[in-house]
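Just so it is clear, none of the values below were taken in a lab; they were calculated from the coordinates. Just so you know, these numbers come straight off a predicted model, no measurement behind them. Cβ: placed from backbone, ideal geometry, glycine included. Neighbour counts: every protein chain shown.
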Amino acid sequence: MCGIVGYIGAKECSDILLSGLKNLEYRGYDSAGIAIGTDGGDVQMCRVKGKLNKLYEAYHSDPFDGTIGLGHTRWATHGRPSKTNAHPHRAGRVILAHNGIIENYGEIKSRLVDKGRSFDSQTDTEVLAHLIDQELANGASDLHSATRQALEQVEGSYALVIMTADNPDRLVVARNASPMVIGTSDGDIFAASDIPAVLEYTRDFQFLEDGDTAVLTRDGAEIYDADGEPVERETKHINWDPISAEKQGYKHFMLKEIHEQPARIIDTLRGRVDPEEGDVDLREVDIDPEWLADVDKIVMIACGTSFHACQVAKYAIEQVARVPVEIDLAHEFRYRDPIIDDNTLCVPVSQSGETADTLAAMGEARERGARVLSIVNVIESTMARESDGVLYTHAGPEIGVASTKAFTTQLAAVNMLAVWLGRRRGVLEQDTACEYLKALRQTPNLMEKILNRTDIYEQIARRYSDAESVLYMGRGNQFPIAREGALKLKEISYIHAEGLAAGEMKHGHIALIDEEMPVVVIAPRGGVYDKVFSNLEEAKARQGELIAIATEGDEQIAELADMVVEVPEASDFIQPMLSVVAAQLLAYHVADFKGTDIDQPRNLAKSVTVE
Ligand code: AGP
């Protein structure tokens, strides 16, 4: 949550800060602000309530510029969205932007108020500005020392960019449990919450670790570890294309990302699958393959859409590799005293690699003896760096808050893991593995067929966008897709939706079904098709409006359903990756018809970096 960008160099930086914030807007968008050290020797700020277009308007109505500055786009945790609560915050000489939560801010604030300091905002962040300013007033030798002394007094998470009004030659940054990268390019130094913020200016990044602080000057970045000792953090060259973080003619990032899925799956499979040999190459995963192949059980943890990928993974891995897979919502796992030992493989799944609950659950599993193989999209994210091994998904930057390509590439990754394990454990015949991998290789082509049809979704949107509630049903590995379809619809159209295992309908949900209730049934031909068809008939018998996601040419379903979205015939192994594309498009078109803010739905943020 919240995006931060900072700059020091030779250039006037207002455009760098504003474009950087635009690229981070997915992290939060309820208020925003920038602060720039101007040539006149002071720092000017512009803050607004609302999205970045409001900040652009406010800034351009009274512009200012300089060669050092910082900016912030906010997702409120403490204090409602307002101009006063927008960052940057200033106390005395100190101006800063913060991502994270200062847990003991109440206690610190009382102490500071007793010493005569007054506060403008309701945020936890403002105490940091006051603490650092106080350390400077008490004689700290410079901003870096003052920051370190202040941070010794706080508990919680932070990524910080800090400057002072009287020193236009220095930014200080700090990180603890909230991501922070430093980018460098020919005398320009950038600090940001995430790589896409400044990708158009540099591809060379250093990744701060927890407890690190850094001093950024026009000569470069000096990084210090948690003990205050100078430390080298390796510079990594990032190959992401800045263009892929733009809309490229699509109306929304979400639509662009839905259409990108075939290409991103090709990227995820590239160099890893060999359908002729029936094997997967996971040498990049830095965990002893013999240990990995021999684990007693796998525990998968995640939140939201990534959790739905874990649900699909349970079906795939148990069936193909015959290893027991437990799945847990990360925030539940942490508090349920799970049974883990040193023969357990923990697999956290995450797009961002920064989700606080998943990071904490992964730490818990590790403490209990598990080894960690994460399935992550963002390169060098905290999760990737804290894992024993990483299987990257190569979805590229995902900007739309509603996750799409991250999900299907996660499914590609778990399918690869299933085949790898099945082969190593001697439970998967080579011929069968070849079939699985051939199916996986065909997925992008089959997806294209779904992406080429749009009229059916527009018809559905016209007919059902007034619905108050929608039920989604599926069985087997389509049950998680029912949940994911419902989540997509809720997130972006604000229509209540629920995804259930179709067999569960008669145990309660059937009471909801009447002629007002659209029911989306995910019923491609395959393993439990006949069972789902019976559930479809039960729903129709209660006058439900049926929308079926079904195999092309299925006349039986066409006769019963009010609307049919066709998906190509495919093996059960990859079918969830196809039906979910139909569910994504359905949600997208309903939301577009309703005119909601699809890429930045209300109350949400892309990375949930607070518990
Ligand atoms: C889904 O559309 C959401 N963006 C959300 O549920 C997301 O999947 C969840 O917050 C987990 O994020 P992660 O994959 O970055 O860990």
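Tabulated data
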item: About the Cα centre, charge dipole magnitude for region 482-579 (Lys/Arg +1, Asp/Glu -1 at Cβ), debye; result: 360
item: In range of the label at GLN442: residues from region 565-592 whose backbone nitrogen is under 19 Å from the point 7 Å along Cα→Cβ; result: 566-582
item: By average C-beta atoms within 10 angstrom, highest first, the peptides 471-477, 597-603, 136-142; result: 471-477, 597-603, 136-142
item: Anisotropy class of region 343-499 from Cα gyration tensor, a/c 1.5 cut; result: oblate
item: Sequence-distant lysines (8 or more away, or on other chains) whose Cα lies within less than 22 Å of LYS405; result: LYS22, LYS247, LYS251, LYS256, LYS314, LYS438, LYS449, LYS488, LYS490, LYS606
item: Part-to-part distance (alpha-carbon centres) for region 238-308 and region 346-374, which is given in Å; result: 17
item: Protection proxy ranking of 123-129, 451-457 - average other beta-carbon atoms within 10 Å, highest first; result: 123-129, 451-457
item: Projected label distance in nm at ARG462 and ALA293, using a 7 Å step from Cα toward the beta-carbon; result: 5.8
item: Within region 174-188: backbone nitrogen closer than 12 Å to the ARG218 label point (7 Å, Cα to C-beta); result: 187-188
item: Low-density loop positions, trypsin sites (Lys or Arg not before Pro), region 109-205 - DSSP coil, at most 12 other Cβ in 10 Å; result: LYS115
item: For CYS13, CYS346, order by how many other beta-carbon atoms lie within 10 Å, fewest first; result: CYS13, CYS346
item: Region 390-444: GluC sites (Glu not before Pro) falling in loop per DSSP and having at most 14 other Cβ within 10 Å; result: GLU429
item: Inter-site label distance for ARG368 and ASP42 at 7 Å from Cα along Cβ, in nm; result: 5.8
item: For GLU209, distant residues with modelled amide H under 5 Å away; result: none
item: Residue order, fewest to most beta carbons within 10 Å, for TYR494, TYR315; result: TYR494, TYR315
item: Relative packing of 568-575, 233-240, which averages over residues the other C-beta atoms within 10 Å, highest first; result: 568-575, 233-240
item: Computed magnitude of the charge dipole of region 255-447 (debye, nearest 20; Cβ of K, R +1, Cβ of D, E -1); result: 460
item: Rounded if a/c under 1.5, otherwise prolate or oblate - region 3-247, Cα gyration tensor axes; result: rounded
item: Hydrodynamic radius of region 559-611 per Kirkwood, over alpha carbon pairs, in Å; result: 14.0
item: Dipole-positive endmost among SER306, THR125, LEU417 within the chain (Cβ charges, Cα centre); result: THR125
item: Alpha carbon Rg of region 453-594, scaled by the compact-globule rule 2.2 N^0.38 Å; result: 0.92
item: Student exercise, region 328-368 dipole from Lys, Arg, Asp, Glu Cβ charges, in Debye to nearest 20; result: 40
item: Fraction of alpha-carbon pairs over 50 Å apart in the chain - percent; result: 13
item: Furthest towards positive pole of dipole, GLN584, ALA523, THR551, structure part region 490-611, Cβ charges; result: GLN584
item: Per-residue [θ]222 nm for the chain (sum of -39500 (n - 2.57) over DSSP H runs n ≥ 4, rounded to 500); result: -11000 deg cm²/dmol
item: Contour excess over end-to-end distance, with Cα ends at ASP341 and TRP240 and 0.36 nm allotted per residue; result: 32.6 nm
item: For region 413-484 and region 20-60, distance of Cα centres in Å; result: 41
item: Fewest-first ranking of HIS331, HIS394, HIS98, using other Cβ atoms within 10 Å as the exposure measure; result: HIS331, HIS394, HIS98
item: Computed over region 1-75, the ratio Rg/Rh where both radii use C-alpha atoms and Rh is Kirkwood; result: 0.95
item: Candidates per GluC sites (Glu not before Pro) in region 252-333, loop by DSSP, up to 16 other Cβ within 10 Å; result: GLU276, GLU277, GLU284
